[in-house]
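Participant: Below are the structure tokens for one structure; questions will follow.
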Amino acid sequence: MIVQVMADSADAGLGAARMQMALSLGWHIVLACLGVGMPAITLIAEWRGHRRGDPHYRLLARRWARAMGVLFAVGAVSGKILSFEMGLLWPRLMGAYGQVIGLPFSLEGIAFFIEAIFLGVYLYAWDRLTPVAHMLSGVPIVVAGVASAFFVVTANAWMQQPTGFRLAGGRVVAVDPWAAMFNPATPPQTVHMILAAFMVTGFGIASVYAVAMLRGRRDRYHRAGLLLPLTAAALVTPAQIVVGDWAAHFVASNQPVKLAAMEGVFHTQRGVPLHVGGIAVDDRMRYALEIPDGLSLLAHFDPDAEIMGLDRVPVADWPPVNVVHLAFQLMVGLGFALLALSAWLALAWIRRRDLPRSPWFPRAAAVSGVAAVLALEAGWVVTEVGRQPWIVYRVMRTADAVNPAPGLVWGFVLVSLVYAVLTVATVYVLRLLARDRPVPIAPQEPDVHDETDQRVV
Amino acid sequence: MPLAEVMIGVMWAGLTAYVLFAGADFGGGVWDLLSGGAASGRRRRELIEHSIGPVWEANHVWLIFVIVLMWTGIPGVFAAVASTLYIPLTLAALGIIARGAAFAFRKVSTELWQRRLFGAAFAFSSVATPFFLGTVAGAIASGRVPAGIAAGNVVSSWLNPTSAITGALAVGTAAYLAAVYLTRDAQRAGEDGLAEEFRRRALACGAVVGLLSAAGLLVLRADAPRLFAELTGGRALPLLALSVAAGLVSLALLWRRAYLAVRLTAALAVTGLLWGWGVGQYPDLLPGVTLEDAAATSSVLAATLGALAVGAVLLLPSLWWLYATFQRDRTGPPHERGDSALRNE
Ligand code: HDD
Ligand code: HEM
Ligand code: HEM
């Protein structure tokens, strides 16, 4: 994909800017998902620990809170860079349309404040508040995290379906920021994103404990650490599939070129088959498993519905078909695989109130976190690469938005190096946290102290 | 067009908050850098870490606030500044990454070498980041960022006398504010020796910042005569005078160990400088671009300001609660308190 995007852009600066944006967004989104999901899951653990007086859950809550402190800091700095990059890389986008999408970003700023403030209290005042007050201090973090995801994705949705302004003589006039924020793409995209955040967090945390189980740590503590987040993720997954279907219908009716790229439809016709797998060569899908009339049926509930092909738009307006098609296949495939895992857990639980006994279960759970992250990234590739060559769909081209200053390539090289180091350091520190004991104590919770020789992995 | 004025005022207030709160965080990093060896500097570093730990995330959101208001309220100016000054801004952004991440990493590491490594990254980026942000301020103040996309020189716009002096001033101010705030924190923690130490540093640093400001005025006279005229004889003079007066009073208060009062006057001195610049430059944002030319449409300004007003109702009490929770007097030095266990020492 890197090669293709680089080759697509006539100009090295544009290619570098796009890669830099994709790298920083792709990095930030993983942390952002944890920022949305972890506070909720940690609070559930803390609450269970408090209600039942169960030290295992208390210890889990503490561990997760510590990891959250690190993840949140890294998520916040990687988000700050994005705010810079909006201007550094895409000054023409921001100069012209900054005011149109400014409102959700301002609201997001408020949400960040709330998050940061209450996180400070939640992490550092564990021993200064009563248990109930402490848990209450976590609630605004959850609300603000979900809200911030909502706000920022409305801005992205606007880039897919720009509304709320008019152009008169090249100038943006009659701006209605609320209409821009609540554009037609906002409902499906925001819901899909927020559910994705909970899936990534749930499967992600569960993976860590599944790995521990594979290493023979099968005690109550590790079971609880697996079961709680996995249950949360398993509850979200079916809903996510339904919402994904909604998103796909939305794309079918509002961004037909993107749909054509997602499905590799080159010729406009009726009764279009669904392509599973395959690769586009010379403007044809090859090696794909074809389900007759499948796409027409799925997209418009009518086996004979017409689907617009790429032939309706000039080649200059095509997104890179293979990237979008493969990414879409990957997301949907992983979505169904995670659904299967969820169903497995649900069945075993209904039958025996226990985890499935098969050794394949912890193995599957151990890779589920990676799978969820991959689905997340693939989804963004579908959305963002599928929108190309437009930065604002049918309004502004990506090539017209980029900063023309010389030397963007070096900026990209530097940023990549920093992210490489940051990735290594983050993983390293998280592993330290997982291994280290004793777990920090709080005077008000002496019972946690007694359990401090638990390691995660 | 009063909406635009309100917006720029709110933005400038956000910038002031950023300098006062996040500036002190950066300054904490500067003192961390100058704290000496791992053993001899331990208590100093602990105090610094303890003071900024719970609040640094919130402090740095002010920068996002300013950036977002800029692209919402004066989008053309934001685009011009970001595109011309992308080099110092990229470097500042990388500094922000290094600083925030290293701070969080150090807090949870236990081995000496890990703490040293992350500590060094934290401390060096604490110096570099305010410096680069300061050069950006200097570039704008000296009129080196023309309207338009990447219309200015990408190098000389921020490598010039005004930028150099504002960069140095930014680092100095940060260090000064931090030293002032830390005196009181040390005193409250019962660390009178540390309080004394930071008092001496604050005094020295305050003198340096005063000299830097004077030198800055001389540079401005040669490099940005219009702003200089406004600061020394025009609308901005009262603010400059306020800054100078507050700066002198701060030194006196430090001398007399009035650590709580000096927090206020030190902040006032810095605020006077910032608002002096703002008022001195108003209504021009960039050469030939006034606020009126640059402002977003009034529907955008109204919606954004309305949203921020609602947000403020939620935020101000929460912020108050945050600072109050951690400023409440507690007995004993930080490393003997229960919460130090959370920091795993
Ligand atoms: C855990 C993550 C995850 C999972 C399991 C799925 N998705 Fe997804 N998908 C995302 C995570 C995601 C995402 C990363 O969050 C995206 C990118 C932009 C967005 O709003 O959501 C996305 C975008 C996205 C889009 C593009 C929307 C647009 O361009 O406006 C479509 C059509 C789908 N998804 C469809 C599906 C379907 C049919 C799924 C069923 C299996 C599915 N997704 C599972
Ligand atoms: C956080 C999750 C996101 C990911 C992983 C993501 C991914 C990507 C990718 C892969 C590209 C490169 C596309 C290409 O050049 O072919 C891109 C471009 C871009 N995205 Fe997103 N995106 C995300 C969210 C957003 C949001 C929320 C916004 C804005 C509010 C946004 C704004 C942009 C911009 C401005 C570009 C550059 C122009 C372009 O290439 O179209 N992205 N993103
Ligand atoms: C162009 C796109 C984006 C920009 C400019 C951006 C900006 C930011 C900034 C500035 C922060 C730091 C806030 C702080 O200082 O505390 C941040 C954190 C965060 N962002 Fe993003 N963001 C983008 C994409 C996204 C997306 C797509 C999501 C959706 C899930 C998201 C969710 C979050 C969350 C939940 C946090 C706080 C939690 C954490 O830091 O881990 N962001 N973002």
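The values are calculated or read from the model by the stated rules, or taken from the named source; none is laboratory data. As the structure is a prediction and not an experimental result, all values here were calculated from the model. Positions of Cβ are generated from backbone atoms using ideal geometry, with glycine treated the same way; all protein chains shown enter the neighbour counts. All accessible areas refer to the heavy atoms of the entire protein, side chains included, with ligands and DNA or RNA removed. Shrake-Rupley method; radii C 1.70, N 1.55, O 1.52, S 1.80 Å.
Participant: Determine which single condition A:Thr268 fails, assuming it passes every other condition in (1) within 16 Å of ligand 3 (Cβ to nearest atom); (2) at pLDDT below 95.
Facilitator: Result: A:Thr268 passes all but (1).
Participant: Further question: Going through A:Met199, A:Met193 one at a time, which residue ends up being open to solvent by less than 30 Å² (accessible area, probe 1.4 Å), within 11 Å of ligand 3 (Cβ to nearest atom) and not in a strand (DSSP E or B)?
Facilitator: Answer to the check: A:Met193.
Participant: Based on what the data block shows, is A:Val30 β-branched (Val, Ile, Thr), within 27 Å of A:Gly369 (Cβ to Cβ), at pLDDT below 90 and within 10 Å of ligand 3 (Cβ to nearest atom)?
Facilitator: For A:Val30, the condition - β-branched (Val, Ile, Thr), within 27 Å of A:Gly369 (Cβ to Cβ), at pLDDT below 90 and within 10 Å of ligand 3 (Cβ to nearest atom) - is not met.
Participant: Could you count how many residues in segment A:98-117 are more than 7 Å from chain B (Cβ to nearest Cβ), open to solvent by 10 Å² or more (accessible area, probe 1.4 Å) and more than 22 Å from the chain's Cα centre (by Cα)?
Facilitator: 0
Participant: Just one of (1) over 19 Å from A:Leu107 (Cβ atoms); (2) of a type outside the set (D, E, K, R); (3) crowded, with 18+ Cβ neighbours inside 10 Å trips up A:Val173, so point out which.
Facilitator: For A:Val173, the exception is condition (3).
Participant: If you don't mind, there's one more thing I want to ask. Any idea how many residues of segment A:118-145 are surrounded by fewer than 20 Cβ atoms within 10 Å (Cβ to Cβ) and within 15 Å of ligand 2 (Cβ to nearest atom)?
Facilitator: Matching residues across segment A:118-145 total 0.
Participant: Turning to a different aspect of this structure: For the structure I just gave you, tell me whether A:Ala155 is in contact (Cβ under 8 Å) with a residue 24 or more places away in the chain, under 24 Å from the mean Cα position of the chain (by Cα), open to solvent by 10 Å² or more (accessible area, probe 1.4 Å) and within 11 Å of ligand 3 (Cβ to nearest atom).
Facilitator: No, not satisfied.
Participant: Is there any pair linking a residue in segment B:196-212 that is under 13 Å from B:Ala269 (Cβ atoms) to one that is surrounded by fewer than 20 Cβ atoms within 10 Å (Cβ to Cβ) and at pLDDT below 90, with Cβ under 7 Å and at least six apart or on different chains, and which?
Facilitator: Every condition considered, the pairs that remain are B:Gly206/B:Leu251.
Participant: Moving to a separate point now. Does A:Ala185 qualify as being under 20 Å from the mean Cα position of the chain (by Cα), within 13 Å of chain B (Cβ to nearest Cβ) and crowded, with 20+ Cβ neighbours inside 10 Å? Give the derivation first.
Facilitator: On the way: under 20 Å from the mean Cα position of the chain (by Cα): yes; within 13 Å of chain B (Cβ to nearest Cβ): no; crowded, with 20+ Cβ neighbours inside 10 Å: yes.
No, not satisfied.
Participant: Under 7 Å by Cβ, and 6 or more places apart or on different chains, what pairs join a residue from segment A:404-416 that is more than 7 Å from chain B (Cβ to nearest Cβ) and more than 17 Å from B:Pro88 (Cβ to Cβ) with one that is open to solvent by 60 Å² or more (accessible area, probe 1.4 Å) and assigned to a helix (DSSP H, G or I)?
Facilitator: That search, which allows pairs on different chains as well, returns A:Val409/A:Ala12.
Participant: Regarding segment B:90-106, can at least one residue be identified that is surrounded by fewer than 22 Cβ atoms within 10 Å (Cβ to Cβ) and of a type in the set (Ser, Thr, Tyr)?
Facilitator: No, the conditions are met nowhere in segment B:90-106.
Participant: Which numbered condition trips up A:Phe328, out of (1) within 19 Å of A:Lys258 (Cα to Cα); (2) among the aromatic types (Phe, Trp, Tyr); (3) open to solvent by 80 Å² or more (accessible area, probe 1.4 Å)?
Facilitator: Going through the list (1) within 19 Å of A:Lys258 (Cα to Cα); (2) among the aromatic types (Phe, Trp, Tyr); (3) open to solvent by 80 Å² or more (accessible area, probe 1.4 Å), A:Phe328 breaks only (3).
Participant: Look through A:Ser207, A:Ser253 and report the one residue that is modelled with pLDDT under 90, part of a helix (DSSP H, G or I) and of a type outside the set (D, E, K, R).
Facilitator: A:Ser253
Participant: Of all residues in segment A:397-409, which are within 23 Å of A:Ala180 (Cα to Cα) and within 16 Å of ligand 3 (Cβ to nearest atom)?
Facilitator: A:Thr398, A:Ala401, A:Val402
Participant: Follow-up question, since we're still on this one. Being assigned to a helix (DSSP H, G or I), hydroxyl-bearing (Ser, Thr, Tyr) and more than 15 Å from ligand 1 (Cβ to nearest atom) is the filter here, so list the residues in segment A:111-167 that pass it.
Facilitator: So the first thing to find is which residues in segment A:111-167 are assigned to a helix (DSSP H, G or I), and the list is A:111-124, A:131-160.
Add one more test, that the residue is hydroxyl-bearing (Ser, Thr, Tyr), and what stays is A:122, A:124, A:137, A:148, A:154.
Of everything in segment A:111-167, those that are assigned to a helix (DSSP H, G or I), hydroxyl-bearing (Ser, Thr, Tyr) and more than 15 Å from ligand 1 (Cβ to nearest atom) turn out to be A:Tyr122, A:Tyr124, A:Ser137.
Participant: Let me ask another. Looking at (1) at pLDDT 90 or above; (2) over 21 Å from A:Pro404 (Cβ atoms), which is the one condition that is false for A:Ile2?
Facilitator: (1)
Participant: Follow-up question, since we're still on this one. Restricting segment A:33-56 to residues that are more than 12 Å from ligand 3 (Cβ to nearest atom), open to solvent by less than 10 Å² (accessible area, probe 1.4 Å) and modelled with pLDDT of 90 or more, which is nearest to the other protein chains (Cβ to nearest Cβ)?
Facilitator: Among residues in segment A:33-56 that are more than 12 Å from ligand 3 (Cβ to nearest atom), open to solvent by less than 10 Å² (accessible area, probe 1.4 Å) and modelled with pLDDT of 90 or more, the one nearest to the other protein chains (Cβ to nearest Cβ) is A:Thr42.
Participant: Just the residues that are open to solvent by less than 10 Å² (accessible area, probe 1.4 Å) and more than 7 Å from chain B (Cβ to nearest Cβ), please, taken from segment A:79-89.
Facilitator: A:Glu85, A:Leu89
Participant: Taking B:Ser340 and the conditions (1) of a type in the set (S, T, N, Q); (2) at pLDDT 85 or above; (3) open to solvent by less than 30 Å² (accessible area, probe 1.4 Å), which numbered condition does it fall short on, given that it satisfies the others?
Facilitator: Looking at each condition in turn, B:Ser340 falls short on (2).
Participant: Every residue in segment A:363-375 that is open to solvent by less than 10 Å² (accessible area, probe 1.4 Å) and either away from ligand 1 (no atom under 16 Å from the Cβ) or not hydroxyl-bearing (Ser, Thr, Tyr) (or both), please.
Facilitator: A:Ala365, A:Gly369, A:Ala372
Participant: Same structure, new question: Do you know which of the residues in segment A:175-200 that are of a type in the set (Val, Ile, Thr) and more than 13 Å from ligand 2 (Cβ to nearest atom) is farthest from A:Val373 (Cα to Cα)?
Facilitator: The residue in question is A:Val175.
Participant: Filter segment A:118-152 for residues that are at the interface with chain B (Cβ under 10 Å from one of its Cβ atoms) and within 18 Å of A:Lys80 (Cβ to Cβ); which is nearest to the chain's Cα centre (by Cα)?
Facilitator: A:Ala144
Participant: Out of segment B:102-116, which residues are more than 9 Å from chain A (Cβ to nearest Cβ) and of a type in the set (A, V, I, L, M, F, W, C)?
Facilitator: Answer for segment B:102-116, where residues must be more than 9 Å from chain A (Cβ to nearest Cβ) and of a type in the set (A, V, I, L, M, F, W, C): B:Leu112, B:Trp113.
Participant: Here's something else I'd like to know. Hey, can you tell me all the residues within segment B:237-265 that are at pLDDT below 85 and either open to solvent by less than 20 Å² (accessible area, probe 1.4 Å) or over 15 Å from B:Val180 (Cβ atoms) (or both)?
Facilitator: Once the filter is applied, which keeps residues that are at pLDDT below 85 and either open to solvent by less than 20 Å² (accessible area, probe 1.4 Å) or over 15 Å from B:Val180 (Cβ atoms) (or both), segment B:237-265 yields B:Leu254, B:Tyr259, B:Val262.
Participant: While we're on this one: When you go through (1) open to solvent by less than 10 Å² (accessible area, probe 1.4 Å); (2) out of contact with any Lys or Arg (no Cβ under 6 Å at 6 or more places or on another chain) one by one for A:Ala401, which number turns out not to apply?
Facilitator: (2)
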